[in-house]
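Worksheet: the structure to be examined is printed underneath.
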Amino acid sequence: MLARIRAVLRRDGGRARSRGQAVWLGAVRLDLVRRELTDQSGAVTALSSGEFRLLQAFVERPGRILSRDQLLDLSHGPTSDSFDRAIDVQMSRLRKKLDDGSGREVIETIRGEGYRLSVEVRPA
């Protein structure tokens, strides 16, 4: 039974370990269970399901550049009929919610390629 559990965890790629936890994205704390952002002052910002799935895609792939198509597949599923520009709208809203007032973008645009999480992801 232990071997089966280890095999499932290995196939999961570590995502099971991140469930039920929170992570720091720079100065903002993301609660992966409640789907909330908390800034340093303690103010809580709720995320829509689309915003949360986008942010989760970045958290699971820190430092990687993700194209609009990849983000669409990861956040809405490969069979979604959403347009890639829908990602741009959600990204704009998400950036506003992640803004910590420092002037530094938490999610940067890589022209011609996509988007990248530009802050370190640390366990909370």
Problem - Meets criteria (touching a Gly at 6+ places or on another chain (Cβ under 7 Å), surrounded by 16 or more Cβ atoms within 10 Å (Cβ to Cβ), of a type outside the set (Phe, Trp, Tyr) and part of a helix (DSSP H, G or I)) for residue 90 - result: yes
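Conditions tested, residue by residue: (1) on the phi > 0 side of the Ramachandran plot; (2) under 16 Å from the mean Cα position of the chain (by Cα); (3) exposed (fewer than 13 other Cβ atoms within 10 Å of the Cβ).
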residue: 41; (1), (2), (3): no, no, yes
residue: 47; (1), (2), (3): no, yes, no
residue: 56; (1), (2), (3): no, yes, no
residue: 65; (1), (2), (3): no, yes, no
residue: 69; (1), (2), (3): no, yes, yes
residue: 78; (1), (2), (3): no, no, yes
residue: 85; (1), (2), (3): no, no, yes
Practice task
With respect to residue 42, determine if the residue is assigned to a loop (DSSP other than H, G, I, E, B), at pLDDT below 70 and either in contact with a Ser or Thr (Cβ under 6 Å, 6 or more places away or on another chain) or not basic (Lys, Arg) (or both).
Solution key: no
Practice task
Pull up region 68-86, narrow it to residues that are among the hydrophobic types (A, V, I, L, M, F, W, C) and at pLDDT 85 or above, then point me to the one that is nearest to residue 32 (Cα to Cα).
Solution key: 74
Exercise for the section: Output the residues belonging to region 10-32 that are out of contact with any strand residue (DSSP E or B) (no Cβ under 8 Å at 6 or more places or on another chain) and either modelled with pLDDT of 90 or more or among the acidic types (Asp, Glu) (or both). Expected result: 12
Handout entry: Residue list for region 93-119, filter: part of a strand (DSSP E or B) and either under 18 Å from residue 23 (Cα atoms) or modelled with pLDDT under 90 (or both)
Key = 107, 116, 117
Practice task
Enumerate the pairs (first residue in region 69-82 and under 13 Å from residue 54 (Cβ atoms) and outside any helix (DSSP H, G or I); second residue anywhere and modelled with pLDDT under 85 and not hydroxyl-bearing (Ser, Thr, Tyr)) with beta-carbon separation below 7 Å, excluding pairs fewer than 6 apart on the same chain, so at least 6 apart or on different chains.
Solution key: 82/76
Problem - Conditions (1) within 12 Å of the chain's Cα centre (by Cα); (2) closer than 22 Å to residue 26 by Cα: number failed by residue 74 - result: (2)
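The values are calculated or read from the model by the stated rules, or taken from the named source; none is laboratory data. These numbers come from a predicted model, not from an experiment. Don't worry about glycine lacking a Cβ; one is built from the backbone with ideal geometry, like all the others, and counts go over all protein chains shown.
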